[in-house]
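Here is the structure we will look at, set down as structure tokens.
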Amino acid sequence: MQAPEQHDTRRLGRIMSWLAAFALLGVLWLFFADQVERRLNPNRNVEIVPGSGELVLQRNRMGHYIAPGTINGQPVSFLLDTGATQVSIPARLGPVLELQPGSPAQVSTANGNITVRMTVIDELVLGPFVVRQIRANLNPGMTDEQILLGMNVLRHLEFVQRGDTLILRAPR
């Protein structure tokens, strides 16, 4: 028969082993979640050089350019989309971004035709660039958190692409 203190020591050892295993899993999860996020959005902590008038972005693993910005002062993630005519916002983000749904409109998307609600963004900020009173649509078919930054904003910028780097600057 085991002494009571030996039984308690083994039990405590098992508990500590389980706690260590869970702590290790937690640390690994945080590490790999950060790695995945970095591959999907290498520009999440993009730095803007004051006075440079440029925004330098790296292409993500899927070949897209994603950049942080704001709409009406709220932080958002933009997916630069030269195939989109206008800025397209997931409809569920409208209230958070203080956007009023306007008249319905039919738009053609990569997934077919859809009815969206038109809106106007008071202020959109992408790096050092600020655009005011820009038309957009609230799209009920968008399921992720990214906002498609269409040509109605991008046409105000110059693009230079070199390899996996995209440089945006104000026209001269």
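The values are calculated or read from the model by the stated rules, or taken from the named source; none is laboratory data. Computed from a prediction, not measured in an experiment: that's the story for all the values here. All Cβ positions, even for glycine, are placed from backbone atoms using ideal geometry, and neighbour counts span all protein chains on display.
Take the residues in region 1-60 that are polar (S, T, N, Q) and modelled with pLDDT of 80 or more, then tell me which one is surrounded by the fewest Cβ atoms within 10 Å (Cβ to Cβ).
Restricting attention to region 1-60, the residues satisfying the condition of being polar (S, T, N, Q) are 2, 6, 9, 17, 35, 41, 43, 45, 52, 58, 60.
Right, trim to modelled with pLDDT of 80 or more and you get 9, 17, 58, 60.
Values: T9: 12, S17: 10, Q58: 15, N60: 17.
Looking at the filtered set, the residue picked out is S17.
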Search result, residues across region 104-151 that are among the aliphatic types (A, V, I, L, M), loosely packed, with under 15 Cβ neighbours inside 10 Å and farther than 16 Å from D81 by Cβ: A105, V120, V130
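In region 86-103, which residue that is loosely packed, with under 14 Cβ neighbours inside 10 Å and of a type outside the set (D, E, K, R) is farthest from V56 (Cα to Cα)? Show your work before the answer.
So the first thing to find is which residues in region 86-103 are loosely packed, with under 14 Cβ neighbours inside 10 Å, and the list is 92, 95-96, 98, 100, 103.
Those left that are additionally of a type outside the set (D, E, K, R): 95-96, 100, 103.
Details: P95: 30, V96: 28, Q100: 32, S103: 36 Å.
Within region 86-103, the match that is farthest from V56 (Cα to Cα) is S103.
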When you look at R92, is it more than 18 Å from the chain's Cα centre (by Cα), modelled with pLDDT of 95 or more and not hydroxyl-bearing (S, T, Y), yes or no? no
Flagged pairs (Cβ under 6 angstrom, 6 or more apart or on separate chains; first in region 105-129, within 24 Å of N43 (Cβ to Cβ) and without any contact (Cβ under 8 Å) to a residue 60 or more places away in the chain; second part of a strand (DSSP E or B) and of a type in the set (S, T, N, Q)) are V125/T70
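Might you check whether a residue that is charged (D, E, K, R) and touching a Gly at 6+ places or on another chain (Cβ under 8 Å) occurs anywhere in region 160-170?
First, the residues of region 160-170 that are charged (D, E, K, R): 162, 164, 169.
Within this subset, residues satisfying the condition of being touching a Gly at 6+ places or on another chain (Cβ under 8 Å) are 169.
Taking every residue of region 160-170 in turn, at least one turns out to be charged (D, E, K, R) and touching a Gly at 6+ places or on another chain (Cβ under 8 Å).
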